[in-house]
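One structure below.
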Amino acid sequence: MAAGDPENIAALYAPTSDWKLNWPEDEHGRVATPWITHRSTRADAAAHFRAIAEHHIPEEVDTVVERILVDGPDAVVLGEIRQTARATRRPYRARFALHLTVENGLITRHHVYEDSLTVARAFDPE
């Protein structure tokens, strides 16, 4: 995942997956943050990671993983993303928890809980 190739990342996902983001429903599909939308397929996963890359400055991206908790097929990753919005040049840091489920070697659940207000503010043109 660290290499950032959306197609290779998507190959880690099952053909269909349970994908959720904790953003308010009316914020899904905003022009400024198009990766915030419902997903359910491997192609959707590739589109998600492609959109994130397109809307951030690649030299100013970092993810700090603080903990990984595993219980059977489930894992929770806790950490912080550090990025800079391409449109506004505004850097931000946002805490996150990522709940993954892996079955037969592929990700079948991708639930992200993040500081969506911080992300939204970084992309706010004002």
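Residue pairs whose Cβ atoms lie under 8 Å apart, sitting 6 or more positions apart in sequence or on different chains, and linking a residue in the range 52-63 that is assigned to a helix (DSSP H, G or I) to a partner that is exposed (fewer than 14 other Cβ atoms within 10 Å of the Cβ) and modelled with pLDDT of 95 or more, are Glu60/Pro91. Cβ-Cβ under 7 Å, sequence separation 6+ or interchain: first residue in the range 39-51 and on the phi > 0 side of the Ramachandran plot and assigned to a helix (DSSP H, G or I), partner surrounded by fewer than 16 Cβ atoms within 10 Å (Cβ to Cβ) and aromatic (Phe, Trp, Tyr). Which pairs? Listed pairs, sorted by first residue: none to list. Annotation note: Cβ proximity below 6 Å between a residue of the range 75-102 that is of a type in the set (Ser, Thr, Tyr) and a residue that is part of a strand (DSSP E or B) (sequence gap 6+ or interchain) occurs for Thr84/Pro91; Thr101/Asp74; Thr101/Thr108; Thr101/Arg109.
For every residue, the table says whether it meets (1) surrounded by fewer than 17 Cβ atoms within 10 Å (Cβ to Cβ); (2) in contact with a Phe, Trp or Tyr (Cβ under 9 Å, 6 or more places away or on another chain).
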| position | (1), (2) |
| --- | --- |
| Arg93 | yes, no |
| Phe96 | no, yes |
| Leu100 | no, no |
| Thr108 | no, yes |
| His111 | yes, yes |
| Glu126 | yes, no |
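For the range 6-15, does any single residue satisfy the condition of being among the polar types (S, T, N, Q), on the phi < 0 side of the Ramachandran plot, surrounded by fewer than 16 Cβ atoms within 10 Å (Cβ to Cβ) and in contact with an Asp or Glu (Cβ under 9 Å, 6 or more places away or on another chain)? Scanning the range 6-15 turns up no residue that is among the polar types (S, T, N, Q), on the phi < 0 side of the Ramachandran plot, surrounded by fewer than 16 Cβ atoms within 10 Å (Cβ to Cβ) and in contact with an Asp or Glu (Cβ under 9 Å, 6 or more places away or on another chain). Could you say whether any residue in the range 86-100 is at pLDDT 95 or above, among the aromatic types (Phe, Trp, Tyr) and within 20 Å of Ile36 (Cα to Cα)? Taking every residue of the range 86-100 in turn, at least one turns out to be at pLDDT 95 or above, among the aromatic types (Phe, Trp, Tyr) and within 20 Å of Ile36 (Cα to Cα).
The values are calculated or read from the model by the stated rules, or taken from the named source; none is laboratory data. Remember, predicted model here, so these are calculated numbers, not experimental data. A quick note on method: Cβ atoms are made from the backbone with ideal geometry, for glycine too, and the neighbour counts reach across all protein chains shown.
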